[in-house]
Amino acid sequence: MDSSSEADSPALAPRPRSRPHAPGSRSHAQAAQHEPDSAAQRVRPVRVLALSTSGTWCSVALYRHGFGDDDSDCISEPLGAQQSMNILAMVDELCRGARIELAELDAIAFDAGPGSFTGLRIGCAVAQGLGFALDRPLVAVDSLRALAWQRVRFGTAEAIVLAANDARMDELYVAMYRIGPVPGEASGANAAALLETLEAPRIVARARFVDEIDEWLRTHRPLAGVDALLRAGDAWVHAPTALAWDARFGTIGPPAPVADDAYVRADALAELGCADWHAGRAIPASQAAPRYLRDKVALDHDEQRAARERAEADSRE
């Protein structure tokens, strides 16, 4: 989750749009469609709308699969607390630009968390409203899984991906994944890659973060047979986490994402949602719900004072 306050309303930045896929080329995300359950699904074109609201960025995307070359359009804005007032207008802008009616959608994917309590409720509620109105299924996608996916979706070879987001209260949301090619001709139409969960999303105390990751790497690296390590999420933007990581692991692997690259992009979310739809993981709108990892959303006064004292003590060291 983005560490900025949910009440913040940053100035709007230019809207980043997804890179078009070159004819004949395939991203890992395009190649990540699970084997369909039937021949009908295998040949059926799909249009997926995706909504990402787990942090201060609001991102919506329209993904078209099976209409020739896969294609997606994405609009993202740092809206903060204004997500609820703008998200439907963004969906309308996206569909108008693509000349697609909402009734032509096949499924709606949403960022299920973990993340901002308010943001997750907004995304789930909008997805449910569209699902009920259009009589379409929903696909709930973990935010950390989407962050890991967007780090590898443009041609990265096999790698372990560590996704970490700031959870506030001196804690982090953390998960670990592995990306690897499926046997077969990876460059062909049937190329595939799977994102495997090595460690499911959980909350880790910031003070325990590097020790926890060290244990994960010792456990999974030999079994995964992968040396490359990628980092995803916004935890690396914050100095304490970055400094603790560098002190333990040095500067191994590619640089961590910068702030403007560390939020969940809806185009990556849409591709995962499409893969899950093909795999039969869609749910009725009535069953959709955010995936919270904790019930408490803020520190009480004593806990806030103790946190300030710890921060001041750390700054003096």
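Since every read-out is calculated from the coordinates, none of them should be taken as a lab result. Because the structure is a prediction, the values reported are computed rather than measured. Here Cβ is always computed from backbone atoms with ideal geometry, including for glycine, and neighbour counts include all displayed protein chains.
Starting from the amide H of Ala107, placed 1.01 Å from N in the peptide plane, find each other amide H under 5 Å away whose residue is 5 or more places distant or on another chain.
Hits under the 5 Å cutoff: Arg47, Leu49.
So if each residue of separation counts as 0.36 nm, and I subtract the Cα-Cα distance between Leu102 and His238, what length gain in nm does that give?
On the way: separation 136, 0.36 × 136 = 48.96 nm, distance 3.90 nm.
Here the segment from Leu102 to His238 would lengthen by 45.1 nm.
If you take the beta carbon distance between Leu223 and Asp261 as r and set R0 to 25 Å, what does 1/(1 + (r/R0)^6) give as a FRET efficiency, to the nearest 0.05? Write out the running numbers ahead of the final one.
Values: r = 29 Å, r/R0 = 1.17.
The formula returns an efficiency of 0.30 here.
Under the 0.36 nm per residue contour assumption, what length would be gained going from the current alpha-carbon distance of Ala81 and Asp246 to full extension?
Details: separation 165, 0.36 × 165 = 59.40 nm, distance 3.31 nm.
Full-extension gain reported as 56.1 nm.
What residues have an amide H closer than 5 Å to that of Phe154, excluding those fewer than 5 places away on the same chain, when H is modeled at 1.01 Å from N in the peptide plane?
Residues meeting the criterion, in which the H sits 1.01 Å from N, are His28.
What is the packing order of peptides 107-116, 211-220, taking the mean over residues of other C-beta atoms within 10 Å and listing the highest first?
On the way: 107-116: 28.1, 211-220: 14.8.
Most protected by this proxy first, the peptides run 107-116, 211-220.
If packing is taken as the average count of other Cβ atoms within 10 Å, what order do 167-174, 271-278, 285-292 fall into, highest mean first?
271-278, 167-174, 285-292
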